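Since the structure comes first, as structure tokens, the remarks are kept for the end.
Read the figures in this text as sums done on the coordinates, not as results from a lab. Since this is a predicted model, take the numbers as computed values, not measurements. With ideal geometry, Cβ positions are generated from the backbone for all residues, glycine too; neighbour counts draw on all protein chains shown.
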Amino acid sequence: MIAALLITGAHAQAQQTEIERGEYLIHAGACIDCHTQDSDEATPLAGGRAIESPFGTFFSPNITPDIKTGIGSWSDDDFLNAFWEGINPEGDHYYPAFPYPSYTGVLRDDLLAMKAYLFSLKPVEKTTPEHELAWYISTRMAAGAWKLKNFDSERFSSGPEQSDRWNRGAYLVRHLGHCGECHTPRSTLGVLQYDQELAGNPNGPDESKMPNITPHKADGIGKWSVSDIEYFLDIGMLPDGDFVGSKMSAVIDHSTSKLTKDDRVAIATYLKSIAPLSSPE
Amino acid sequence: MRRKIMSAVLATVLSAGLSAPIAAEPNAEDAYKYRESIMTSLKGHAGAISMITRGLAGDPSRISSHAEAIANLSAELSSIFQEGSNVEDSEALPIIWEEPEKFAEAVARGEKAMAALSAAASDNDVEAVGRAFRKLGEACKGCHERYRKEHHH
């Protein structure tokens, strides 16, 4: 029980309401970027962002609590099942563009706090366009088949031989922050290659190259100190004084800069501990 | 006496060099290389300041000299994006010259943040410098997000 509290950070936030805790977790979960259209007047979390992939274009759904076009009619179980099982309230499979392979690890209390926060927002009526996908995956049964082979529903549990800080970092990186969804290489069928955790993806979303963030000295961030990593996640400065302008810039603005310094240090601690790997070809 | 002679000799030599005609506009490659020098200088001083404000290395008494260097470089920002200087190695995106007014606004934000950093540094308040430095970072990041190619580090 104590361990669970430490992992969810609840002990440090006992005074917060569930909605405030949920707002923090929505930032940690980096939901805003994918679920907000890429335009200056877009309403946050109302969906409609086009996400390019090797399989076609996905459009992110509206996750404001609108009854008709958002998640306003969802029960707690609907919400949990989306993250844990990758299924929608009608029982259809989600494509793993929604990163439930990572989110499946997120703990119950955290998810319910996130739902409470989302339900506290103003409902926005905005219909999501249909995905534009390659013919061979255009039915959700294809997602189901993919899941059968490549997905396990499993909550995060902290390793007792590791520090609280490391466990918090593992939870944030592997699950809530779902960093691997961009930074871990995938097979041609889009399966994350966990044995090359965070070694970079040369075929990232929107045709970007996602860097290697293992502690490999030549290919990764092996020369970065914990302070360098924490500072980067806070203000986007690289150890040589440059400032990023890549896709990571948005992640920093809407997610990692909103975390506590402790949480960023936890992320940095975890990243320094994983296997240093050279980048895939 | 010797000093006076040396200064006179130096002045003669330097003015001889400077009286050579300067090109009205550099060629594209040279314009790009000059811009790279400016940006490299900026990141050098920024990196140094960040190490001081984080308490990792360097002395707080040196912050103002780095901040002043940055503020001095800011005067060049508006003149180092010559049309056509986005040569093959350059990471400057064509949109810079497609929306010159918006780009000029971004440059102005950078100039303002650099001046604010220098002002905070002269007050000798390390915390205020940290805050001003963050604001500068936001300006740098903002420009790079829209106007610089994505690259690996």
query = What are the residues whose amide H is under 5 Å from the amide H of A:Ile87, where those residues sit 5 or more places off or on another chain and H is modelled from the backbone?
reply = A:Ala82, A:Tyr94
remark   = The rounded separation in angstrom of the Cα centers of segment B:84-117 and segment A:229-281 is 25
ask   = Residue separation times 0.36 nm, minus the C-alpha to C-alpha distance between A:Asn150 and A:Glu132: what's the value?
value = 4.2 nm
note = Counting only DSSP loop positions in segment B:65-97, the GluC sites (Glu not before Pro) whose Cβ has at most 16 other Cβ atoms within 10 Å are B:Glu76, B:Glu83, B:Glu88, B:Glu91
query = After finding the eigenvalues of the alpha carbon gyration tensor for segment A:1-216, what semi-axes result from the square roots of 5 times each, listed largest first in whole Å?
reply = 26, 24, 16
task = Measure out, as a whole number of angstrom, how far apart the alpha-carbon centroids of segment A:38-80 and segment A:106-120 sit.
result = 16
query = Efficiency by 1/(1 + (r/R0)^6): what FRET value for A:Ser157 and A:Ser208, r their Cβ-Cβ distance, R0 = 35 Å, to the nearest 0.05?
reply = 0.60
ask   = How large is ³J(HN,Hα), in whole Hz, for each residue of segment A:229-246 in order, when computed from phi with the Karplus curve 6.51 cos²θ - 1.76 cosθ + 1.60 and θ = phi - 60°, using x for Gly and Pro?
value = 5, 4, 5, 4, 5, 8, 10, x, 8, 7, x, 8, x, 6, 10, 5, x, 7
ask   = In angstroms, what radius of gyration and Dmax does the protein assembly as shown have, counting Cα atoms only?
value = 25.1, 95
Of A:Lys258/B:Lys102; B:Lys112/B:Lys141; B:Lys112/B:Lys135, pairs whose Cα-Cα distance is over 18 Å = A:Lys258/B:Lys102
query = Given a Förster distance of 51 angstrom, what is the FRET efficiency for A:Ser278 paired with A:Glu125, based on the Cβ-Cβ distance and rounded to 0.05?
reply = 0.55
query = Helix-derived [θ] at 222 nm for the protein assembly as shown: sum -39500 (n - 2.57) over DSSP H runs of at least 4, divide by residue count, nearest 500?
reply = -14500 deg cm²/dmol
query = Among A:Ser225, A:Ala134, A:Asn150, whose Cα sits farthest toward the positive end of the charge dipole of the protein assembly as shown (+1 at Cβ of Lys/Arg, -1 at Cβ of Asp/Glu, about the Cα centre)?
reply = A:Ser225
query = Residues with amide H under 5 Å of A:Asn201's amide H, sequence separation 5 or more or different chain, H placed in the peptide plane at 1.01 Å from N; which?
reply = A:Met210
message = With the crude spin-label approximation of a point 7 Å out along Cα→Cβ, what separation in nm comes out for B:Arg146 versus B:Glu101?
response = 1.3
note = For segment B:26-147, the Kirkwood Rh over every pair of distinct alpha carbons, in Å, works out to 15.0
request  = Multiply the residue separation of B:Ser79 and B:Glu127 by 0.36 nm, subtract the distance between their alpha-carbon atoms, and state the gained length in nm to one decimal.
outcome  = 14.1 nm
Under 12 Å, Cβ to Cβ, from B:Ala108 - net charge with Lys/Arg +1 and Asp/Glu -1 = 0
task = Would you list which lysines come within 24 Å of A:Lys126, measuring only between C-alpha atoms, while excluding same-chain residues fewer than 8 positions from it?
result = A:Lys68, A:Lys115
